[in-house]
Structure formats: C-alpha cells, structure tokens
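Please treat every number below as a calculation from the coordinates, not as lab data. Nothing here was measured: the structure is a model prediction, and the numbers come from that model. Neighbour counts run over all protein chains shown; Cβ positions are idealised from the backbone, glycine included.
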There are 6 protein chains.
Amino acid sequence: MIDSSTAEALESVSTATLSAQLRRRGIENAFLEHLTPGQPGRRMVGEARTLRYTALREDVFAERGGGMNAQKRVVDTIRTGEVLVIEARGDLGAGTIGDILALRLQRRGGAGVVTDGGVRDTPTLRDLGIPFYFGASHGAVLGRRHVPMDSDLPITCGGVLVMPGDVMCGDAEGVLVIPAALAAEVARDAVAQEREERYIAEQVDKGESLDGLYPMGEAHRKRYECWSEDGQDEVS
Amino acid sequence: MIDSSTAEALESVSTATLSAQLRRRGIENAFLEHLTPGQPGRRMVGEARTLRYTALREDVFAERGGGMNAQKRVVDTIRTGEVLVIEARGDLGAGTIGDILALRLQRRGGAGVVTDGGVRDTPTLRDLGIPFYFGASHGAVLGRRHVPMDSDLPITCGGVLVMPGDVMCGDAEGVLVIPAALAAEVARDAVAQEREERYIAEQVDKGESLDGLYPMGEAHRKRYECWSEDGQDEVS
Amino acid sequence: MIDSSTAEALESVSTATLSAQLRRRGIENAFLEHLTPGQPGRRMVGEARTLRYTALREDVFAERGGGMNAQKRVVDTIRTGEVLVIEARGDLGAGTIGDILALRLQRRGGAGVVTDGGVRDTPTLRDLGIPFYFGASHGAVLGRRHVPMDSDLPITCGGVLVMPGDVMCGDAEGVLVIPAALAAEVARDAVAQEREERYIAEQVDKGESLDGLYPMGEAHRKRYECWSEDGQDEVS
Amino acid sequence: MIDSSTAEALESVSTATLSAQLRRRGIENAFLEHLTPGQPGRRMVGEARTLRYTALREDVFAERGGGMNAQKRVVDTIRTGEVLVIEARGDLGAGTIGDILALRLQRRGGAGVVTDGGVRDTPTLRDLGIPFYFGASHGAVLGRRHVPMDSDLPITCGGVLVMPGDVMCGDAEGVLVIPAALAAEVARDAVAQEREERYIAEQVDKGESLDGLYPMGEAHRKRYECWSEDGQDEVS
Amino acid sequence: MIDSSTAEALESVSTATLSAQLRRRGIENAFLEHLTPGQPGRRMVGEARTLRYTALREDVFAERGGGMNAQKRVVDTIRTGEVLVIEARGDLGAGTIGDILALRLQRRGGAGVVTDGGVRDTPTLRDLGIPFYFGASHGAVLGRRHVPMDSDLPITCGGVLVMPGDVMCGDAEGVLVIPAALAAEVARDAVAQEREERYIAEQVDKGESLDGLYPMGEAHRKRYECWSEDGQDEVS
Amino acid sequence: MIDSSTAEALESVSTATLSAQLRRRGIENAFLEHLTPGQPGRRMVGEARTLRYTALREDVFAERGGGMNAQKRVVDTIRTGEVLVIEARGDLGAGTIGDILALRLQRRGGAGVVTDGGVRDTPTLRDLGIPFYFGASHGAVLGRRHVPMDSDLPITCGGVLVMPGDVMCGDAEGVLVIPAALAAEVARDAVAQEREERYIAEQVDKGESLDGLYPMGEAHRKRYECWSEDGQDEVS
C-alpha cells in the first residue's frame, strides 16, 4: 500500500520529474508509450492491478471469453486505490474495457485504467471522470481481438513492464510505473527536484543563461541553498 | 434511403452499441480504424457515397487529376443526407479534401466526410461544423500522392469495406458502416440494447456485482422486465 | 531575416495555401508529417535554427551529452524570431526539449519549437504559450535515446529537409518550411491566392457548382476581377 | 502427446492445408505472422512448450535475468518432441535464444524453436540443422530488451495464441498452431484434402477450367471418387 | 500487345535502368515497394491484368467470396503473356493466390503474378517456376481478410498505380510498371543506356575516377562514341 | 587505422560475440537493425567512412544532387579498408548506391557498404562480391527521396550512431559498430570469449545441463582452465 504522504507527494509532481528520478536509479523503461490521457485534467496515482489479454483464438475464446471471465473477475474485485492495467499487445482493433466495467471499477474505488489497446464507450468514460490512459477509441468488444486470459501477473503495457502492486502515476503528459519498493524515496526526491527546478526556472525567467545553472553549478547551488520559494533570497 | 425513424434511432445510440449489434449478425469488420473525429460534439448519420483514389502516377494524374476530376464530380453531385467516403489507402501525405469542396458538399446537404487520408484546411472544416472523420491534417493538395480515380464503387476505408449506399454512423468514438439491408433492424435492436444497458448501469451504480448482471442472468432479466427508466421498479 | 511585411503576410495565410504556392514552384516536400500542434490557437512564423540529435550511443553520450551540450548551446544563443527545429529521427521514446529550455528560448525571443521527437513537460509548455509542434509527449530526458550532436546544419525533421535560415510557418493544421529565398514571393502570392479563394467560397456558399469555378474558368475570372471583398460586385 | 500416425500425417501435408482445415472448424487465427523459416528445407512438428518474455525493466532484470533464469530452466527441461515457443512481443531488438541454448534444446530432443523476437547466432543455428522460425537476426543478448519472466502459460507469438501442449507445425511457408484436441482429426482430414487437391491440380494441368472443379462440383466429385493417384481413372 | 522486339529489349535490361528511363519522362512512382521476388533467377515481362480485393466484410463475402468469384474468373480468362496484378492493400494476413490458381494461370500462358498481399503455397509456386512477386507467405485463404471484388480496373499495388494493359517488368531486384504507351521507347532507350553504362563500368574497372565519367562529360562522351563492346576502341 | 592483428581477430569472431563484449563495456546500441546482409557468405571488417542523406527537397537537390555530389566525392576518395556507411533515415523508397559506384568503391579498396536505405542494382552488387548490408532493393536513383548532403560526420544508420573512423564488423547475422578506441581490446576479449563458448558447447554437446555451465560456475571454470581445444583435457 502506498502511504498517504507518498501518494500526496506523487500527485504533486510531474511524470517527467518521476521519470528523471527513476533514471537516476538506473530505470530507463518506465514511461508507457503510445498512450493518450483520456482525462488530461486529472492526476492518477494508484497500485497496479494487472490483467492480461492474449490474441484471439476462437476455440479458446469459447471457453474463456464469456460470462464472468478474467476481465470481469478482476474488475469485480478491484480494491480502493487500485489502477487496472491491461496488456493488450498494443492491438487497437477492439475495446478492452467499456462503460459498464469502468463504472463498476469506479464504484469500487478504483483509481484509474491503463490499457495499450482500445477503449470502448470513450465518451461515457470521459463523463464518468475516471482517469484513463489508452491507445485509441474502438467500438468493438474485446472478443474481436482478445481472449481475457489471466490477472495479477507481470505484464507489458505500453512497452513497459508492470508488476502487480507497482505504483502507476499519470498526468496530462502520460503515465509511468514506479517499482513499489522505490515509491517512497522517488516521491520524496521528486518533490525536492521540483523545488530546485522552480529556482532554476525563476532564474531563467529573469534572463539568466543556462550555463552553470542547468545543471546547477556551484555558484547557483549556494544561492539555491538560501533561496525561498516566495521569490526573495533568504537572509542568513 | 434511410427512413426517418431509422435515422433518428441511429442518432440516439452509440457506435459501440451498433458495433455490438453487427457482431451479433456475424459482422466483425465495421468500425473504421485509425481515424479521428474532426467534430467530436456532432453525430453523423448518412448514406455512403464512395470515392476512390489510387496512388499517384504522374502520367495518369496529367489525364485525370485536373479540372472536373472524379473528386469534384462526386462532390458536385452529392445528395442530401449522403456521407462522402474516400479511399485514400491510409496515406496521410496529402489532403484528400479541403475547405472549398467541404463547403460545396455541405451546401448540397451532404451529411459528412470520412477519409482515411489527410484533410486539408482542417481549421476551416472545423468552423464549417460539418462532421468529418480523418487520418491526419495535411496542407498539401491531393495531387501530391493520389489520382482521383472513380466513384460509386465498393471501397476500403479505415480498413473496412464500404459499399455505396451503406449507412455511415459516427459519434465521438469514431465511425462505423452498417450494411444498408440491416440498417433498420440494427437501429431498432440497438435502441433496445441501450435501454437494457441503462438498467445494468443503474444497478452497477448502486453497487451491484457484475456477476449475473452483465451479461444479464435470469434474476436480473426478470427485474429488468418490470423496470421503468424513471428509476422506480414498476408495480405489476 | 524575414522582413516585417513578409512575416505579416505569412501570418495571415494558412499553411495549406503556402503548401500550394510551394507546389507551383516545384517543391512538393515542405509540410512536416506526423507532428501535432501543441498550441492550436497560435500562429508561428520564424527562421529555422537547426539542432541535430543522433541515436544514443553510451560512450559518445558520456562525452557530449552532459553540461552545456549542443542542445543547451543552441537554446542559449537563440535569436529573436528564430524557431528551434530539432531532428530526432521520429523517435518518440524520449523528450527532446523540456520546460526549462523552452522557457529560456521564449525569454530570448524564440518564436517556437519544432521537433519530430518527444516533448517533455508538455503541460508546462502549453502554459508558457510558446508555439510548438511535436511528435508525442514523453516524460524521459533526451539521453534515453539521443546524443545532442551538432547545430546549424541542414536537417530532416518530420520527413522534410530544413536548411538553417529557412522560414518555418505553423498554424492549427501543422507546420511547413519555406526556402528562405522564396519567402517573400510565396507570401505575396499566398495572400492573392487566399483572396481568390474567398471569392470562390462566396460563390459556393451561394450554391454555385464547382464546374468552371474551382479551378476558375474564364467567366468567373472576369467576375472575380471586378469583385470586392465586402461582397458587392464593384461597379467599374 | 501426439501419436505417431498423427505426427506422420502432419509432416506430410502443408501448413496451407492445415490452415484450411482449422478454418473449417472456425479457427481463423492460427498461422503465425511476420516470421521467417530459418531452415526452409525442414519440416517441424511438435508440442508447444511456452516461454514468456516481458519488456525489460532494469530492477526486475536484476532479479530474474541472470543465472538459471526462466529461459534456461525451460530449455534445460525440454522434452523429446517439444517445440520451444517464445513470446517476445514482436520486438526484434535483441536475440531471444542463441547457439548454446539451441544446442542444448536439440540435444534434449527438442523439435524446434519459434520466436517472434530476434535470434542470436543465426548462422550457427543454421549449421545445427534445428528447425526455427524467427522475426530477425540480432547480435544482442536478450537482456537488452527482455526479462525472461515465466513459462508454461498461454502466450501470444506471431500474433497467435499458443496454449502449452498445442501442436506446432512448420514448413517452408511458415508455422501454425493446432489446438491439441483437434490435432488428430485435422491431420486426417488434411491428408484427404491434399489428395483431392492433387486430383484438381491434375485436371488443371491438363487444361481444365476452374469452373466446377475448384471448388469441386458434382461432376468432378463423381470422377474424383473413381480416381486413383497413379493418374488412371479406376475401373469400378 | 507488346511487340516481340520490345519484350526482348525489356527482358535484356534491369528494372533499375527502366526506372531511370521512366524518371527521365517524369514518372517517379513506378517501382513496386515492399515486395519480394519469389523466383530471383527469372525475368518477367507481360501485360497487367488487374484484380482488386477489398477488406473483408462478412455479409459481402457471403455473396461474392465463393464459387467462381472475381479471382477465379480472372485467372480462368488470363491471356498468354499477361501478368496477374493483385491489389491487396498491403495486407499480409492471408494468401491472395495459391498453388491451384497459379497452376491454372501458368497453363493458360500467364507470364507471372504480382501481389502486395500474401501468397499461399509458396513452396509449390517456387516449384512451378512461374515468376511471382509478393508481400509474404501466408497459409490462410483469402477469405480471412479479403473480398475478391472486381477486375480490369486501375489498382494500387505495392504503392504504385497499375492500369490494365500496362507493362510489368521484373528481375531479381523487384518489379516495376511501364505505362503501355511508353513501353517501346523506354525499352529502346534502356538498351542504349545500359550500353553506355557498360562503357562507364569498364573505365571504372580500369581505375578511372567518377569525375567527368559518371555522369559522362564531353571527353568521355567522345571516347564512348568510338567505343565498341569487345573492349577495343574502334579505329575510325 | 585498425592494426592487422585486430582486424584478423575481428574477422574470426561473430558479431554476436562482439555485441556481448560491447555490452560488458556499457554499450547497448551497436548492432544495426532492419538491415539484410547482401553477401551472407562474406565477413566484413573496416573503418567507417560516413555519408549523410537528408530528405529530398527539390530546390536543394537542384543545387547539390547532380554532378560530383557528396555521394560521388566520398566514393571517389574512399581509402583501402574503409566501409562506406550511409544514413538514409531508413527510407527504402530509392537506391542509395548502385552498381557503378559500388564498383568504384571496390576498385579503390573499399571494404564494404552499409546503408539503411535501398540498394539499386542489387543483383550486380552480388556479382561484384563486395560485402554490403542494406534495407531493401529499389530500382530508383537516390534523387527520388534523398539529397546527398555531406560526409565524414557522425551519422545514425540502422538506428545506431556511427562516428567516422569507428570499426564496422559484419557477418551473416548482421553488422555492428565498434568505437575506434575499443576495437583492440574488444577484439582480444572476443577471441577469448569464443574459446570459452566452444568449451561450453562441447559440454552441452555431451549432454551437460546448463546449470553451472552457462554462465560458467566455479567447477566448470576450473575444468575449462585445463581444457585444450583438441578436445582432450590437458595434462598439466
């Protein structure tokens, strides 16, 4: 579980900053690609609940596609604060979730949906207000391209590995995954990094050159240490 | 010709619902892919008028590209309620229609434009208010990539076969084709399906599980039969 | 340098019209492809300042990636009215510019940014109000995919060759390049072309057929010569 | 286990014929796409042993990538007649198996390798003579793009769902999957279908029209029933 | 009909040379892209017989897909020296022709097959010895992706417009289309161009610089005029 | 310059082994992607001579495309042992080199050609016997898509950064780049690695498990130290 101060910190910083923090820890592959934010005005933070679709095969779909399939079981058991993350192999030729399941997920306290496949009933999902990140709109149900196979396994979504329980963070730029074990420290350091970047932006805004400022050289480092956010240099 | 009650029904339901109705009739390939709605706020319903572009070949363009070419002839003869559907082979490297032809089409009563190529003068088309679905914006005229070849033939647009006279339906999700012969029954059943889904959504909104509800089991089926849309269960 | 009347003319016409003018001069490859306008409501006109990224190679990045690299040097020396144009080989897997550099560029009077790679901190760039055209949003810094190699060379961006000093023009449709030597005449003729197209649109709006009107035949040419924009045919 | 007469039958017919037999049973998605036969001269028949790679994430690779990882465990326990089928998400940027593991697999009696990623040491695999189907050659080890995650799960390879234990059949055309439960009947009917097609080909070779012959009409059906393969019509 | 001296000339020159001759006549789009020669050792020259497939739609396939469909009708009426050219929209997910139809085409004197879709029974087609150019091998029949729609129309194949009756020329490099009206002159000039290039190659082979030689300057032009192919400069 | 013992070592090992050696030194991006070996039977080792093409723009091509352009100048000054490496942005729509320039390059002692664009006259290049790695065959000359812009700059080819003077190594698997400064040590360690892998392969061939062998554990490490290639354990 993400503690509330971590969650709050993660919501206050951008995915760009979080990406930089992960890079400093050697993680280059964290930002999901080829996805669009369905609700650009909303932040999303939550734990990954994973769902895996394979390619459609008619005989297997007949067994596993109908009724309370893997998709419905996972939505029906989503927990507060979880983000449903769907592996759809980047196949945009069918919806991978629609309005009714999104509503159910929202009512159960789900924090959002991430899929590298299509979304069905996109206009309704927008009205629901639930954050979602998706590959494209598509009117068809998932059985056109997918078999809902299993859940709670490591998956690849948007070209990125997501482990169950990882932290998914989204903003208007996109969505990235933070390994669960790193969430707290990444959140803390991201807040510090953004404060530093506000200092830099302030100098740039005043007309300063990037040289020695970004990345920060010694002189600016000293000035930054005495800087307060209200814009006045602190008197030591 | 689509009769007015069919048209009205089609305008009242989503393309997602229509896609499901076509699937029940064995038609999986109906929702056009890789297209963007140019006017997400407007619905579109109309009969397909088809136009086919082939790849550019300079000697053939010299003969068929200029003057009252196939493109202009079809726009100049569009009929009230028709949707112009253009096969551009998914080539986004040129506009396939621009502001003046779109205006002409609109003034003749055309119901919209669908193209899997580029659109030129996209900002002006937005101002005109005519519904359009397109691959991308591109400033170049069609002669950069296409020869306007012929019209009123079966074509492939957005990966989907469109026969002249088929019914094109579009909403903020995208656009799909309904075979002319099926339009009336699909429209009728789609209205019924959406009523059913409103019942389901209402239960989900109240906190019901998906199990036995979506798809509907017997118990809910009975309750649904007595349900009225104002939200109170009818007294029998 | 673009003189002010040319700049004003270029800002008053669409990229679609400019594309047509270039085609008349034998230039087919001018409109950048696969890019999205970051600020659809703003026009952009300025001279190209070019920056070239190559693919990442770790040993070369170690030498050239850090500190005042080619990217920062070019941003730090941007001149009033210049548009930064970045060759990123269409690789969308990393940002090619972020908020701080965009701010610096804006403060130095830069007129916009064009990149066929990713942009980082897209929400902040939107707030800054600087025009930008880009491939996609991505949270990662450029070192994930690129080495900032050199500047002020001919580059390929969005599939189009841009020479340093060429004129970049952007609107809500997209962005195109005008060879510096042609900018003045293209601007002038584009203004004339748009006046002609307003005449044509006015006729179409009244219900005229395209035949003999678009392209203009002799009869309409004569009427056009006596036409004034306020909508009344001039009395000679 | 495939019994020996089924295996023999499967080896005697083409993947094209098998694809037709599956289609008759409602299975359209069986032929793996975007793969190349590494040994066009050799047939391959065997049971699928599945291996799943996810996208690389550096922290997870550190835990699961080295030593006796999922890849090595599955190769080290391959059984006689099994075909190793690897899900690599169509990512061609790294090898998914190399010469030493292919040799180990061959020595254990493995029947072949199918991967929708890269193969490393392709020239050596060719010398080994083991059948393989692959996306491309690539010199890099799998850690450049993949985490070897798990095995013996349903996977998607070449756009097709493969269940553990399904039958993989390959020839110079490519490779397809036959659901285990259908293998015997598909094999039997494929042999019959090919006999029929030899009759048809014989008629075509003599100059017969396709009309009434392919598909076979009644007249040819009767003649076929008396036909023997040595080319002489049988005397009843 | 191509006269025999033109056909002979076309068979003697490369598609690269023919491409250059078409470029001199303003035709840039003639070489079909993304196709592989099925029989690299054989030349192909013949007149285009066109066949058009649209995307699959199940209701339309039911009407037009079976029996003596457009595909079989065109194959059954192929004329000596014709090349069957199939528009399959670059869709590689199904065969567009198989062994029996290829055999029928060959027996009727067809000169070859060109398709930008899949070929089924590729190994058998190779054995038949008929020249073919194709997108990929695929075991499935065409009904998996296509409706055989019509024939003898202008089509786009491999990104190139082919008019019925155009001349198709193929070698181990690939295949290109020559507009029927240009075939004779292109053939004649291609023969002359290749002779010139043999002269140039001879000089390069002796160690000459490219400067003034390729393209030929005046000095070499004079020497070339006296050059005979046996390698000795002619005595005038 | 590569010394002769380094060159000899590089020719004796596979690109797969070299890729592993570079990875150990932190270089992940070295193997060029989406290229095909034109002469699978020949090894290639040489120093990179770079040539850069930009996208075609007609006005710039008019100035720089003809006569002794950048392409011809670099070919005409190639030095013994150099490999020409061409940046063509992965555009396969035109040849980037043809038979006459390849012959010139070969006569000057060039060691090979690498291009991520098309090759023209592929059959003739095959006959010349010069090693080449390329994207596809295409009959058109480069002016259809490219402007030959400049040479001897860092370029991106096959998705990989190549610096002038780097070492290009190719085999039947593909081609990779070795930074000049690392060539000697990479060559030496690659020879050692392959010896070790021959030991491992020998054990696998005898039926050993991979566990503790690949990667080598302590027990095998000791045995390896006493191993001699003739297959008999050495007596110390």
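Let me know the volume per residue of the alpha-carbon convex hull for the protein assembly as shown, in Å³. Write down the numbers at each step before the final one.
Numbers: hull volume 316.7 nm³, N = 1416.
Expressed per residue, the convex hull around the Cα atoms of the protein assembly as shown is 224 Å³.
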Once amide hydrogens are built 1.01 Å from N within the peptide plane, the residues lying 5 or more places from D:GLY112 or on another chain with amide H under 5 Å from its amide H are D:LEU84
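Which FRET efficiency value, to the nearest 0.05, is calculated for E:THR36 and C:SER4 with the Förster distance at 60 angstrom and r the Cβ-Cβ distance?
Numbers: r = 56 Å, r/R0 = 0.93.
Calculated transfer efficiency: 0.60.
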Ranked from fewest to most other Cβ atoms within 10 Å of their own Cβ, F:ASP205, F:ASP76 fall in the order F:ASP205, F:ASP76
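What do you get when you divide the Cα radius of gyration of segment C:63-121 by 2.2 N^0.38 Å, with N the number of residues? Walk me through the numbers on the way to the answer.
Details: Rg = 11.1 Å, N = 59, 2.2 N^0.38 = 10.4 Å.
Normalised Rg, Cα atoms only: 1.07.
Return a whole-number percent for the relative contact order of segment F:76-159, with Cα pairs under 8 Å and 6 or more residues apart as the contact set. Write out the running numbers ahead of the final one.
Working: 178 pairs, mean separation 30.4, N = 84.
Relative contact order of segment F:76-159: 36 percent.
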Once you average over the residues of D:153-160, how many Cβ atoms of partner chains fall within 10 Å of each Cβ?
-> 5
Value at 222 nm in deg cm²/dmol, rounded to 500, when DSSP H runs of n ≥ 4 in the protein assembly as shown each add -39,500 (n - 2.57) = -10000 deg cm²/dmol
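For segment A:36-165, compute Rg over Rh where Rg is the Cα radius of gyration and Rh is the Kirkwood radius from the inverse mean 1/r over Cα pairs.
Values: Rg = 13.1 Å, Rh = 14.1 Å.
Looking at segment A:36-165, the ratio lands at 0.92.
Let me know the mean shielding of E:71-84 by other chains, meaning the per-residue number of their Cβ atoms within 10 Å of its Cβ. Display every interim value, and only then the final one.
On the way: counts 1, 6, 2, 0, 3, 6, 1, 0, 0, 0, 0, 0, 0, 0.
Average per residue, whole number: 1.
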Given label points at 7 Å from Cα along Cα→Cβ, what nm distances, shortest first, separate B:ASP211 from the same residue in every other copy?
-> 4.1, 6.2, 7.0, 7.0, 8.5
FRET E, pair C:ARG195, B:THR77, Förster distance 45 Å, beta-carbon r, rounded to 0.05 | 0.95
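Starting from the Cα gyration tensor of segment F:158-203, multiply each eigenvalue by 5, take the square root, and state the resulting semi-axes largest first in whole Å. Walk me through the numbers on the way to the answer.
Values: eigenvalues 127, 38, 9 Å².
Equivalent ellipsoid semi-axes, largest first: 25, 14, 7 Å.
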Hey, got the Cα dimensions of segment B:1-86 along the principal axes, in Å, largest first?
-> 46, 27, 26
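Order of D:HIS34, C:HIS138 from fewest to most other C-beta atoms within 10 Å?
On the way: D:HIS34 15, C:HIS138 30.
Fewest to most other Cβ atoms nearby, the residues stand as D:HIS34, C:HIS138.
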Based on the mean of other beta carbon atoms within 10 Å per residue, what is the order of D:171-183, A:183-195, most packed first?
-> D:171-183, A:183-195
Got the E:HIS34 label distances to the other copies yet, label 7 Å along Cα→Cβ, in nm, shortest first?
-> 0.8, 1.2, 1.2, 1.4, 1.5
Net charge contributed by nearby residues that have their C-beta within less than 9 Å of D:ALA55 (K/R +1, D/E -1) | +2
Cα centroid separation - segment E:181-202 against segment D:109-135, whole Å | 44
Quotient of Cα Rg and 2.2 N^0.38 Å for segment D:144-236, N being how many residues it contains = 1.63
With both partners inside the protein assembly as shown, how many of the DSSP beta bridges are antiparallel, as a percent to the nearest 5?
-> 55
If the label for C:ALA181 sits 7 angstrom from Cα along the Cα-to-Cβ line, what are its distances to the same label in every other copy, in nm to one decimal, shortest first?
-> 3.4, 4.2, 6.3, 6.3, 7.3
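Shielding of D:205-211 by partners, i.e. mean partner chain Cβ atoms within 10 Å per residue? Please report the intermediate quantities before stating the final value.
Working: counts 5, 1, 3, 3, 7, 10, 5.
Neighbouring Cβ atoms belonging to other protein chains average 5 per residue here.
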Rotational relation F to D, axis-closest Cβ in chain F, residue and distance rounded to whole Å | F:THR36, 6
Dipole magnitude of chain C about its Cα centre (Cβ charges: Lys, Arg +1; Asp, Glu -1), debye to nearest 20 = 1060
Short version: what are the Cα gyration tensor semi-axes of chain B, square root of 5 times each eigenvalue, largest first, in whole Å?
-> 40, 16, 16
Separation of the D:GLU185 and B:LYS206 label points, Cα + 7 Å toward Cβ, nm = 4.5
Of F:TYR224, F:THR80, F:PRO37, farthest towards positive along the dipole that unit charges on Lys, Arg, Asp, Glu beta carbons give chain F | F:THR80
Towards the positive end of the charge dipole of segment E:1-125, with charges on Cβ (+1 Lys, Arg; -1 Asp, Glu), say which of E:THR6, E:ALA111, E:LEU101 has the farthest Cα.
-> E:THR6
Of all DSSP beta bridges in segment F:84-208, antiparallel share, percent nearest 5 = 45
Taking the simple approach of a point 7 Å from Cα along Cα-to-Cβ for both F:MET68 and C:SER12, what is their distance in nm?
-> 4.9
